[in-house]
Amino acid sequence: MTRVKIELLEEELAGLQLAAGYLQYSMERCLNLIGQEGLPPEQLERLESLTSRFARLADLLIQRVFRLLDDIELTGGGSILDRIYRAEKRGWANASELINIRELRNLIAHEYATEKMLEIYGAVATMAPVLLAAVPKVIAYANNTIRKYPK
């Protein structure tokens, strides 16, 4: 069973790296748009892509990779907060920042009021570097874990 989880982790890590690259690309394309009002539709579309990519990477990291690593290490179970605190203990990111990332992800997923979107874009621009900085740490940790389970 552990071998199946290791293979799944390898797949998730590939998706995680890809998602991080897409978020980084969107960040670069949107930095000059953050905080501006009255943008044309093509620039709003860029910002929508940015928020979507942020939410996707947050989900992949917290919901899938954190959970999978916990399962492999037999520390699974508990709430999202438990996973976040274990991530902090592993040195991947500060728990309060991960909580903010998770809350922002939830806001993105459930926010339909256009008047809040400027605030959301600004928060994404602030938190995306934190999220992106955690990815290589998690990948390095996961690769060390994978090496413990030879094929």
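Read-outs: derived from the displayed coordinates by stated rules, not from any lab. Since the model is a prediction, treat every value here as computed from it, not as a measurement. Cβ: placed from backbone, ideal geometry, glycine included. Neighbour counts: every protein chain shown.
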Proxy reagent accessibility, fewest Cβ within 10 Å first, across Ser96, Ser52: Ser96, Ser52
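Calculated from DSSP H runs of 4 or more alone, at -39500 (n - 2.57) each and per residue, what is the 222 nm mean residue ellipticity of the chain, nearest 500?
Value at 222 nm, helices only: -25000 deg cm²/dmol.
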Using Cα positions and a limit of under 23 Å, work out the lysines in reach of Lys148, with same-chain residues fewer than 8 apart set aside. Lys5, Lys89, Lys137
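With Kirkwood's inverse mean 1/r over C-alpha pairs for Rh, give me the Rg to Rh ratio of the chain, two decimals please.
Values: Rg = 16.4 Å, Rh = 16.1 Å.
Answer for the chain: 1.02.
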Relative to the longest principal Cα axis of the chain, at what angle does helix 117-147 sit, 0 to 90 degrees, rounded to 10? 20
